[in-house]
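A short worksheet on the structure shown next.
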Amino acid sequence: MVWYKIMELFKTDTVYNFMAKRLPFMALSGLILIASLTLLFTKGLNFGIDFAGGTIVQVKYDQKAPIDKIRAVLNNTVEFKNSTITEFGSPEEIIIRITGSSSDLATDIGDTLSSLLVTTGKYEIRRVDIVGPKVGGELREKGLMALGLSLLVILIYVSFRFEWRFAVASIFALVHDVTIALGMISLFAVDVNLDILAAILTILGYSLNDTIIVFDRIREGVQKSHKSVLEDVVNESVSRTLSRTTLTSLTTFFVVITLFIFGGEIIHGFAFTMLVGIVVGTYSSIFIAASFLVQLKFSVANFRVKEAEKLKRQKEKDKMRAMYEQGTV
Amino acid sequence: MLSIIFGVVFSIPTLLQTDSGKKISLGLDLQGGLHMLLGVQTDEAVTSKIKTIATSIKYFAEDEDILIEDLSFKDDIISFIVLDSDEISKVDTMLAEIQGLDVQISEDLSYTISLQPAQVALTKDLAVSQAVETIRNRLDQFGLSEPTVIRQGKEDIVVELPGIKTAAEEKAARELISKPAHLELMEVDEDRADQVYTLSANQAAEYGDIILDSNDGNKYIVKEIPILDGSQVTDAQVAFDQANQPIISFVLNSSGAKIFGDFTARSVGKRLAIVLDGKVYSAPNINERIGGGRGQISGGFTVVEAGNVAIALRSGALPASVKLLEKRSVGPSLGADSIEASKMALILGFVLVIIFMVLYYGLAGVVANVALITNIFIIIAVMAMFGATLTLPGMAGIVLTVGMAVDANVIINERVRELLRQGMSIPKAIEDGYSNAMRAILDANITTLLVAVILYAYGTGPIKGFAVTISIGILASMLTAILGTHGIYETLLPKINKSKNLRKWFGIK
């Protein structure tokens, strides 16, 4: 049967020499990073109403949406002159984006728009989202806070559980992933709304998850293996975790691609960002994160000394406690 | 085993949509509805408080026959002059009864009154909680199912209406909420009534008057300080006049009735303007003293309008106007489409992962799949227990969990395989595999969990739903992988030992 081969796609006993090729990989990442940054600074992000404020109205017609007609009607008004109309998922459905918002509760911008469209055919207004400037600003602030705080918490946790170089290397890898994901978002002009922020934070968690599994192996290798050259330990650890990294990424990739294809137009941007994130996150966990660690000159010998000291302190503590307990009993 | 039973039992109500038992409620983005963030213009509440104080000073002075002059208010400061210095003590006692005032008296007996800063803050705070109460009352009477009205932060209010089905219904609800329903009974300034079209607003203000439009296009000049306001209305109902036109009849409380009676007795021959939300609806002549504290508002209402005004008056005036800061409205058909699409993605992704796991790991894959299925049940069960809301991003979170939940089992299986290849005995390989994988699983999941918690703290609405499902998913997958599948292996161990078929069990040669 064919699937014998599939079942053992990754021979865990083979050790690939990833570290020998770390410079080419880092150069490749560097190039993509520069490309992403260039995109971000020139083309920029296409902020949606959650962050920029504004109004979107989703309209579904019972036949093909008469986009030209709608445009003509809207261009005749002052208020909606600058709105953009795009097809949304199917030819019957459109999204109208308006840069302004209204604060009048009784008659809002959606009502005004709805009455304007009467001449364009039979339709149903399915969604009206209005975000005022104050809320947009708050959401932007909150989003940045969430991103910053996430990175900080990760830095602290990984430093605490591993060593600061691991933490810095994982943060580098995360910044790498997020920057590239943002670059792709910019390239494909995806509307950046709250869901994209959620996707970015999920990528953060997901990619970190991958990286930590690799780092955990390195930590274990440093503690147990007889090799004392970091490159060798890293090669061994990355090779050993290769199957796991690829497998989990594959299953996650499966579900995200189904979400992308079948999940409906509203979560398209989210699924797209996740797709990019999974690919980049997997790549960076295998090829980039550990390379940073090597580049940061993590010293195997020093780490062992520190670990030994930790162990010694723990033992002394235990001994003290034992003595204390005996003394009181 | 326990977790499977737990998961299945608690998710039954949700899955079968039974009436009893706890189940997950759908977010507005899935079932359709209206979500709004409203901002209360609290400065208006302060102004209106000042106005009320001015009204009571006016009534007090007239009631006690104290002569005061130039009673007016501007920029939240009331000023007036007491003509007779003997009356000062009376005025002071009266003012002392009103809390939180800053009273300054200059030598020529002119008073300047403002609110103390603490009182201003208190008034603003009260305005928001009162607005919440008022809006809730109105929506309850409007007959919508399960409206949610909660205060958010200092001066914002979140309103959620899941029952809204059509755009017209939505607009009606919004109009009802936004109606200030501020009823004022004001005295028409008969001395200057003939100048109403010639005076400017500033000139009118010099006489202590304001000029108001009426609903039929006329203008009225009235005294700036009202006789009464809507806070003294105890009931309002729709009624019909002789011409069978809908009107709103209202009843005042006892102190309101007394003020009204006193005023009408004093002002026979003058006109009384009935002002709703800054518009004069009628200005009947006062022919005699009107006791009993009843009045009516007429002026070309439709029956529905009159009904809404009556609701608004009954549930009290909004202490300040509210502004729309954010609105998300989703039609029910779009919600249904979203459910359909995300269900499809969930099932498909689920099937893909299950097939893949069995192909790759053999029976160990089946074990992992049992854990995965249990996982989904646990997520649903926990969400149902806490009455969590399932949103569209939440659905995406569950789909994502399906992909990621197998991770812990993948880590364990890879470890076990590795040890088996090294020639370790099966029981030992399973034990060591689990203990080796433990640290990695914990570290990896805790960091993901931390990020999810931050997302929950900073996210709003639907995004919170995503953070919730992801968090529960992570915890559940740790539970099922570390305890659940370990238990299964221990139970199956004799069988595995007997068969020795590593390919069948772990998918390796």
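Please give the calculated 222 nm ellipticity per residue for the protein assembly as shown, where each DSSP H segment of at least 4 residues contributes -39500 (n - 2.57) and the sum is spread over every residue; nearest 500 deg cm²/dmol?
-20000 deg cm²/dmol
Taking neighbour counts of Cβ atoms within 10 Å as a proxy for exposure, in what order, fewest first, do B:Met395, B:Met404 appear?
Starting with the residue having the fewest Cβ neighbours, the order is B:Met404, B:Met395.
So for the stretch B:253-305, averaging the separation of alpha carbon pairs under 8 Å that are six or more residues apart and normalising by length, what relative contact order in percent results?
The value is 39 percent.
Taking the number of other C-beta atoms within 10 Å as the exposure measure, put A:Leu259, A:Leu144 in order starting with the fewest.
Result, fewest neighbours first: A:Leu144, A:Leu259.
Checking the cross-link filter: which lysines have an alpha carbon closer than 22 Å to that of B:Lys498, excluding same-chain neighbours under 8 positions apart?
Partners within reach: B:Lys428, B:Lys509.
Grab the other residues whose beta carbon is less than 10 angstrom from that of B:Thr148, score K and R as +1, D and E as -1, and report the net.
-1
Restricting things to alpha carbons, tell me how big the protein assembly as shown is in terms of Rg and Dmax, in Å.
35.3, 112
Filter the cross-link list A:Lys134/B:Lys464; B:Lys58/B:Lys219; A:Lys81/A:Lys134; B:Lys58/B:Lys154 down to pairs whose alpha-carbon distance in this structure exceeds 27 Å.
B:Lys58/B:Lys154
How shielded is B:116-124 by partner chains, expressed as the average number of their Cβ atoms within 10 Å of its Cβ atoms?
Mean partner shielding for this stretch: 0.
If you average the sequence gap of Cα pairs under 8 Å that are 6 or more apart and divide by the length of the stretch B:82-176, what percent do you get for the contact order?
The normalised contact order for the stretch B:82-176 reaches 17 percent.
For the ranges B:444-457, B:464-477, A:26-39, what's the packing order if you count other beta-carbon atoms within 10 Å of each residue, average per peptide, and put the highest first?
Ranked from most to least packed, the peptides come out as B:464-477, B:444-457, A:26-39.
Taking the Cβ of A:Tyr283 as the center, what net charge do the other residues with Cβ under 12 Å away carry, scoring Lys and Arg +1 and Asp and Glu -1?
Net charge in that neighbourhood comes out at -2.
State the Cα centre-to-centre distance between the stretch B:278-306 and the stretch A:222-273 in whole Å.
About 73 Å separates the Cα centre of the stretch B:278-306 from the one of the stretch A:222-273.
Taking chain B as the reference, fit the longest principal axis to its C-alpha atoms, fit the long axis of helix B:485-499 to the helix C-alpha atoms, and give the angle between the two in degrees, 0 to 90, nearest 10.
Orientation of helix B:485-499: about 20 degrees from the principal axis.
Taking 2.2 N^0.38 Å as the expected size of a compact globular protein, what ratio does the Cα radius of gyration of the stretch A:54-131 give against it, to two decimals?
Rounded to two decimals, the normalised Rg is 1.00.
Throughout, read-outs are computed from the coordinates displayed, never taken from laboratory work. Keep in mind it's a predicted model, so treat the numbers as computed, not measured. As a convention, Cβ positions derive from the backbone with ideal geometry for all residues, glycine included, and neighbour counts pool all protein chains shown.
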